[in-house]
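Please read the structure below before turning to the comments.
The values are calculated or read from the model by the stated rules, or taken from the named source; none is laboratory data. Keep in mind that this is a model prediction, so the values were computed, not measured. Cβ atoms come from the backbone with ideal geometry, glycine included; neighbour counts cover every protein chain shown.
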Ligand code: SF4
């Protein structure tokens, strides 16, 4: 049971033609209604909505202030392994790429954590390729138990697991699950994932369901922009997030929209997304889901990230390294992709403050749970 059963109600081509048929009148209706329907989401993603970008941005800003205040939660990724059994065409860790790979020991992950802790981070995201031989459940539990002495919140962005494994991770101190479908277009999904366990579209699609059932406090989903038509991807992403909000109301749902960046292997995006289109997508998702978190990584340029702060972003990474050991011990390993914003966490925090927002390093403590549910 999961979103894979819900998604069969929506055909990619049909959603695409509904979006392309929207008129300026539909966009105005979508802008001025209180309760937005899926049809309004499609209107906000449509080509005519580009002429209403200023109004969309104003409304997105207003809604975000109402729901979240002027705060941006800061986090940083820790890459624990670049080993991978998959061959995703767009990824530097693709098993066919001849790169220097590494898997950190538990102590090395802790060292990486110490660097981030000293920089002020209290929320981290553990990232790895899909290689259970190198990164298995027991390893992840040991990493989590060690890191939770430093961090208030630890999320994972690793390969899909079953519910029991997720429960073990939660007991060990991991409270958030990030999993991107990459593309909701089944045909494209099969093309860019030619081999390896990741070929299983439905298993991946139902991962946030298993995470919600296991009890993760945060669920983060996303689509990799550049693989397919961003308007249709945005519609599926919005529908998926809204479904998760209905099903797992105890978990906070957030969405990411990473754009493809240069990576070892030299993959070129088939459907590039411009900055203006990225802004339209972000505003459309904010108007569709006022309570969802919107996450922006260092894949994006300094200039775009600065300008997006007031438009709906609620979480930002900073100072990121995308190679295992990149913060401390292994300067020789290669990263998953090139980042674009190279500023230090301190510089990013200063920019956020300068824009009238507060960078928040810690917005959660597991101790809260003990007080709420003795
Ligand atoms: S995207 Fe993930 S699963 Fe695919 S090759 Fe890269 S690390 Fe492996």
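To keep it simple, each residue is scored yes or no on (1) away from the ligand (no atom under 16 Å from the Cβ); (2) modelled with pLDDT under 95; (3) surrounded by 18 or more Cβ atoms within 10 Å (Cβ to Cβ).
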site: 164; (1), (2), (3): yes, no, no
site: 167; (1), (2), (3): yes, no, no
site: 174; (1), (2), (3): yes, no, yes
site: 178; (1), (2), (3): no, no, yes
site: 186; (1), (2), (3): yes, no, no
site: 190; (1), (2), (3): no, no, no
site: 194; (1), (2), (3): no, no, no
site: 199; (1), (2), (3): no, no, no
site: 211; (1), (2), (3): yes, no, yes
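Here is the figure for region 123-154: residues that are within 16 Å of the ligand (Cβ to nearest atom) and either touching a helix residue (DSSP H, G or I) at 6+ places or on another chain (Cβ under 9 Å) or touching a residue at least 24 places away in the same chain (Cβ under 8 Å) (or both) total 12.
Which one is farthest from residue 253 (Cα to Cα) among residues in region 180-205 that are assigned to a helix (DSSP H, G or I) and under 16 Å from the mean Cα position of the chain (by Cα)? It comes out as 204.
Among the candidates 255, 279, 273, 295, the residue that is part of a strand (DSSP E or B) and surrounded by fewer than 23 Cβ atoms within 10 Å (Cβ to Cβ) is uniquely 295.
Looking at residue 208, is it in contact (Cβ under 8 Å) with a residue 40 or more places away in the chain and either under 21 Å from residue 49 (Cβ atoms) or not in a helix (DSSP H, G or I) (or both)? So residue 208 fails the test.
Yes/no matrix, rows are residues, columns are (1) over 18 Å from residue 319 (Cβ atoms); (2) more than 16 Å from the ligand (Cβ to nearest atom):
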position	(1), (2)
23	yes, yes
40	yes, yes
53	yes, yes
63	yes, yes
75	no, yes
82	yes, no
88	yes, no
96	yes, no
107	yes, yes
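Selection of first residues in region 72-98 that are farther than 30 Å from residue 357 by Cβ and in a strand (DSSP E or B) and of second residues that are modelled with pLDDT of 95 or more and more than 7 Å from the ligand (Cβ to nearest atom), restricted to Cβ pairs under 6 Å at least 6 apart or on distinct chains, gives the following pairs, ordered by first then second residue: 80/104; 80/109; 80/126; 80/128; 81/103; 81/128; 81/134; 81/135. Only one of the numbered conditions (1) more than 11 Å from the ligand (Cβ to nearest atom); (2) closer than 23 Å to residue 263 by Cβ; (3) modelled with pLDDT of 95 or more is not met by residue 100, and that is (3). Based on this model, can you work out whether residue 57 counts as surrounded by fewer than 19 Cβ atoms within 10 Å (Cβ to Cβ), in a helix (DSSP H, G or I) and either free of Cβ contacts under 8 Å to residues at least 40 places away in the same chain or in contact with a helix residue (DSSP H, G or I) (Cβ under 8 Å, 6 or more places away or on another chain) (or both)? Against the criterion (surrounded by fewer than 19 Cβ atoms within 10 Å (Cβ to Cβ), in a helix (DSSP H, G or I) and either free of Cβ contacts under 8 Å to residues at least 40 places away in the same chain or in contact with a helix residue (DSSP H, G or I) (Cβ under 8 Å, 6 or more places away or on another chain) (or both)), residue 57 does not qualify.
Against the definition (surrounded by fewer than 23 Cβ atoms within 10 Å (Cβ to Cβ) and either in contact (Cβ under 8 Å) with a residue 24 or more places away in the chain or within 18 Å of residue 353 (Cα to Cα) (or both)), how does residue 311 come out, yes or no? Yes: the conditions hold for residue 311.
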